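The values are calculated or read from the model by the stated rules, or taken from the named source; none is laboratory data. The shown structure was predicted, so the numbers you read here are calculated from the model rather than taken from an experiment. Note that we place each Cβ from the backbone using ideal geometry, even for glycine, and neighbour counts take in every protein chain shown.
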Amino acid sequence: MSFIHPLGLLGLIGIPVIIIIYILKNRYIEQIISTNYIWLLSERFLKRRNPFAKLAGLIALILQLILVAVISLSIAHPVFTLDGEAHNYTFILDGSGSMRITERDGERFELAKDEIRELIDGSTKGSKYSCILVTDRTTVVFENESDKDKALRLLDDLEPSDAVISLTDAVGIAQSYFNVDTSALTYLITDKTYDRADNVSVISVGTAVANSSLIDVRVDGTVNLSVRGSVLSHTSDAALTLGVFIDDSATPISTLELSLTAGVAVPFSIPLNTDNYYSVAVRILEEDALAADNEAVIYNTSGAEGHDALIVSEQPFFISAALRAVSALSITELRPDEYAGQSGFDLYVFDSYTPYSVPKDGAVWIINPVISTQGVGFSVQGKYVPEAAVEIEPSTSTNTQVRKLLTGLTGTPIHVTEYVKCGIYDPSFITLISHKGNPLVFAGANEWGNREVVFAFDLHESDLVGLTDWIALVSNFVEFSFPTVLERTDYTAGDVAYINVIAGCSSIVVTSPSGKVTSLAAVGTAAEITLSEAGIYKIECITGGNAKDYYVFSEFPESERVPLGTGGEISLLGEAGNNGIDGIYDNLTVLFILLAVVFLADWAVYCYEKYKLR
């Protein structure tokens with residue numbers, strides 16, 4: 001036994017002090033009596049007094065001595081060591097989408113946290129606790145935490161994701177703890193079943209609750225549109241009603257009643273009776289154990305706006321013809337001496353002419369740059385003229401954007417007789433075609449945040465414009481220069497959404513279904529965000545001081561809709577020990593109870609002595 005505050009034992013000095021007080025105290029009072037008769041009466045009365053009266057003072061002394069001893073021990077706070085009674089606890093907490101399913105007693109994730117709370121509360125003091133939360137990423141919430149209250153507070157703030165999870169990283173972390181202490185107790189709290197669990201105790205919080213979900217919902221047709229998909233009841237037969245809602249309307253335009261057999265997907269097709277819509281939502285109108293998979297939303301992304309292009313060139317034919325072949329651009333042509341900083345165009349093409357500063361209000365193509373200019377993201381380092389025409393090589397990079405911009409190229413060799421050496425200093429640029437490491441065709445975003453394409457050679461000094469690859473490149477670059485903010489609006493929770501940064505965009509703000517707001521930097525050609533929640537994400541793009549809202553729908557993963565999923569196997573390598581670690585017992589409750597009892601006893605003796613014996 002040891003004491004947290006050993007100086008508290010100085011209070012024991014009060015014991016001899018109380019004894020001395022009792023020795024010195026005069027308990028007898030001399031009185032003068034007038035007659036012998038009264039004395040005799042007094043003796044007769046004293047004989048009838050309580051025989052325990054003489055012990056009353058001694059009992060009070062003993063109680064007061066005990067009281068001083070108990071108070072001193074309480075202040076000193078004794079601690080008893082419990083050999084091997086405590087443990088290191090590791091909790092792996094499943095934060096996958098299915099943990100949002102509601103059981104009779106509440107949401108599964110909250111039930112899982114209750115299981116951890118119970119284990120922590122019931123453990124011996126001196127134990128240490130580590131918690132690993134597995135959502136769309138693996139997070140160590142606390143590690144080797146010995147303070148129960150702090151561990152429980154950190155546990156309160158945890159939330160699941162809507163994504164599919166992997167326990168690989170969490171098991172690796174738990175294995176490192178187990179390697180240090182083989183007597184550590186590892187728990188996996190989940191709603192899935194595991195065929196095998198070595199050195200891990202699996203605590204299940206899932207049951208076969210009723211749940212139905214929408215599958216593969218889409219809008220079909222070009223005229224007489226209809227919304228199609230399937231409905232699946234996972235664990236029991238069910239009668240459901242589907243509602244179809246147009247453009248966030250509160251009332252469905254139509255409903256459909258379905259009878260479902262457990263485990264059998266039932267297809268449906270519902271006419272929309274309109275081709276003019278922004279969004280179509282299909283909902284299961286009845287409640288079940290998981291609301292997140294009862295809705296699907298499809299957004300209409302058709303109807304792109306027209307664009308204006310300005311070509312500044314002495315010989316614009318090849319460029320103009322290619323642009324007209326692949327797009328509906330409204331094209332204006334100027335000679336270099338006619339260009340005076342005109343603005344208001346969506347695309348500016350500078351062929352063998354480089355302005356002092358490129359425009360800030362649209363995409364820019366620079367063909368055969370003459371001089372370095374402000375804000376373009378690259379420098380002109382001089383012209384290279386080989387002895388003979390050289391073949392230039394398309395990039396073999398697997399980068400998604402590179403492959404997209406080179407889509408449709410046939411692989412026919414492209415030759416140039418001369419080119420401009422350029423030094424790229426903006427990291428947003430990607431090289432598409434090069435010669436001996438010199439970038440000849442590259443794309444990215446300039447200093448103003450606008451998309452930019454560069455051909456570092458004269459089109460008339462190459463055979464590119466005579467190839468079908470020229471049209472393919474122009475088509476790809478037009479799509480690159482005039483991107484839609486969202487190339488797709490359908491995702492699954494856990495996916496990464498790409499948001500194209502359009503010309504003049506100064507900021508992008510994303511609001512998740514739960515209301516979490518994230519600001520993305522509007523730099524380069526695209527921003528990205530991981531959709532960790534299921535539901536509708538709002539994307540607000542600020543362009544020229546004006547805000548425009550876009551939306552994407554992130555559906556709940558199909559594998560997480562199953563009320564009783566399987567997790568396979570989970571194991572920690574090694575042989576479990578049973579040594580434990582030293583625990584402690586420092587509960588003062590017994591001392592406080594004893595203190596109260598002794599105090600009440602002393603008060604009772606005092607009252608008895610004062611009012612009964614005198």
> Taking segment 404-429, which residues are within 16 Å of Glu461 (Cβ to Cβ) and among the acidic types (Asp, Glu)?
Replying inline: Glu418
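Matching residues to (1) free of Cβ contacts under 8 Å to residues at least 12 places away in the same chain; (2) over 21 Å from Ile502 (Cα atoms):
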residue	(1), (2)
Ser357	no, no
Gly362	no, no
Gln374	no, no
Glu393	no, yes
Thr400	yes, no
Thr412	no, yes
> Can you spot a residue in segment 189-209 that is within 30 Å of Thr489 (Cα to Cα), touching a residue at least 60 places away in the same chain (Cβ under 8 Å), outside the structural domain of Pro513 (by TED's automatic domain parsing) and surrounded by 13 or more Cβ atoms within 10 Å (Cβ to Cβ)?
Replying inline: no
> Given the residues Ala445, Ala497, Ala472, which is the only one that is of a type in the set (A, V, I, L, M, F, W, C) and out of contact with any Asp or Glu (no Cβ under 7 Å at 6 or more places or on another chain)?
Replying inline: Ala472
>> Condition first: crowded, with 21+ Cβ neighbours inside 10 Å, within 30 Å of Val280 (Cβ to Cβ) and aromatic (Phe, Trp, Tyr). Can you find one or more residues in segment 488-511 that meet it?
In response: no
> Right, Lys113: of a type in the set (Lys, Arg), closer than 30 Å to Glu555 by Cβ and not assigned by TED's automatic domain parsing to the domain that holds Gly11 or not?
Replying inline: yes
> Quick one: which of Ile581, Ile508 is within 30 Å of Ala76 (Cβ to Cβ) and of a type outside the set (Ser, Thr, Tyr)?
Replying inline: Ile581
> Mind checking which residues of segment 403-423 are closer than 25 Å to Ser372 by Cβ and buried (at least 17 other Cβ atoms within 10 Å of the Cβ)?
Replying inline: Leu405, Val416, Tyr419, Val420, Cys422
> Hey, which of the strands (runs of 3 or more DSSP E) in segment 149-253, taking only ones fully inside, have at least 1 residues that are under 28 Å from Arg137 (Cα atoms)?
Replying inline: 185-190, 193-198, 201-204, 212-220
>> Given the criterion modelled with pLDDT of 85 or more, more than 30 Å from Ile298 (Cα to Cα) and hydroxyl-bearing (Ser, Thr, Tyr), identify the matching residue among Thr566, Thr511.
In response: Thr566
> When segment 176-222 is examined, which residues are found to be farther than 30 Å from Asn300 by Cβ and of a type in the set (Ser, Thr, Tyr)?
Replying inline: Ser176, Tyr177, Thr182, Ser183, Thr186, Tyr187, Thr190, Thr193, Tyr194, Ser201, Ser204, Thr207
> Has segment 305-324 got any residue that is out of contact with any strand residue (DSSP E or B) (no Cβ under 8 Å at 6 or more places or on another chain), farther than 30 Å from Asn224 by Cα, among the aromatic types (Phe, Trp, Tyr) and surrounded by 14 or more Cβ atoms within 10 Å (Cβ to Cβ)?
Replying inline: yes
> Restricting segment 254-284 to residues that are in a loop (DSSP other than H, G, I, E, B) and among the small types (Gly, Ala, Ser), which is surrounded by the fewest Cβ atoms within 10 Å (Cβ to Cβ)?
Replying inline: Gly263
> Quick one: in segment 427-462, which of the residues that are of a type in the set (Asp, Glu) and surrounded by fewer than 17 Cβ atoms within 10 Å (Cβ to Cβ) is modelled with the highest pLDDT?
Replying inline: Glu461
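The rows are residues; the columns are (1) touching a Gly at 6+ places or on another chain (Cβ under 7 Å); (2) free of Cβ contacts under 8 Å to residues at least 60 places away in the same chain.
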residue	(1), (2)
Ala291	no, yes
Leu310	no, yes
Phe317	no, yes
Ala322	no, no
Ser327	no, no
Gln342	no, yes
Leu347	yes, no
> How many residues are aromatic (Phe, Trp, Tyr) and closer than 13 Å to Pro394 by Cα if we restrict to segment 410-454?
Replying inline: 1
> What is the residue count in segment 155-176 for residues that are under 15 Å from the mean Cα position of the chain (by Cα) and surrounded by fewer than 18 Cβ atoms within 10 Å (Cβ to Cβ)?
Replying inline: 4
>> Please verify whether Asn179 is exposed (fewer than 15 other Cβ atoms within 10 Å of the Cβ) and under 27 Å from Ser127 (Cβ atoms), treating the condition exactly as stated.
In response: yes
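Condition check ((1) in contact (Cβ under 8 Å) with a residue 24 or more places away in the chain; (2) in contact with a Ser or Thr (Cβ under 7 Å, 6 or more places away or on another chain); (3) closer than 30 Å to Ile101 by Cβ; (4) basic (Lys, Arg)) across all residues:
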residue: Val501; (1), (2), (3), (4): yes, yes, no, no
residue: Val517; (1), (2), (3), (4): no, yes, yes, no
residue: Gly524; (1), (2), (3), (4): yes, yes, no, no
residue: Lys538; (1), (2), (3), (4): yes, yes, yes, yes
residue: Asn579; (1), (2), (3), (4): yes, yes, no, no
>> Can you list the strands (runs of 3 or more DSSP E) lying wholly within segment 459-578 that have 1 or more residues being of a type in the set (A, V, I, L, M, F, W, C) and outside the structural domain of Val280 (by TED's automatic domain parsing)?
In response: 496-500, 505-511, 517-520, 526-530, 535-543, 546-555, 566-571
